[in-house]
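Worksheet for the structure shown next.
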Amino acid sequence: MERLLRYSLEHERVIRMMLMTEGSLAQVNARVIAYDAEKIEFITTRSPRPQTVLRADVLAADFR
């Protein structure tokens, strides 16, 4: 997953992420704008507003 996050950040590419948010699964197509060991900040393809999620809440990521 580290590789995909770095790829999205460095190349400004959209990836698909599976998130656990408030007890439910969510799939988003997003472009990573920042991340560290604890959180990931991204912009989805549906909304230009930046969102932040805990890294532990990201269950999977793959190429879109």
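Just so you know, all these numbers are worked out from the coordinates, no wet-lab data involved. Fair warning: this is a prediction, and the values are worked out from it, not measured in the lab. Glycine gets a Cβ as well: all are built from the backbone with ideal geometry, and neighbour counts include every protein chain shown.
Taking one quarter of the surface of the C-alpha convex hull of the chain gives a mean projected area of 3.8 nm².
Projected label points at GLU22 and ILE43, each 7 Å from Cα along the beta carbon direction, are separated by 2.4 nanometres.
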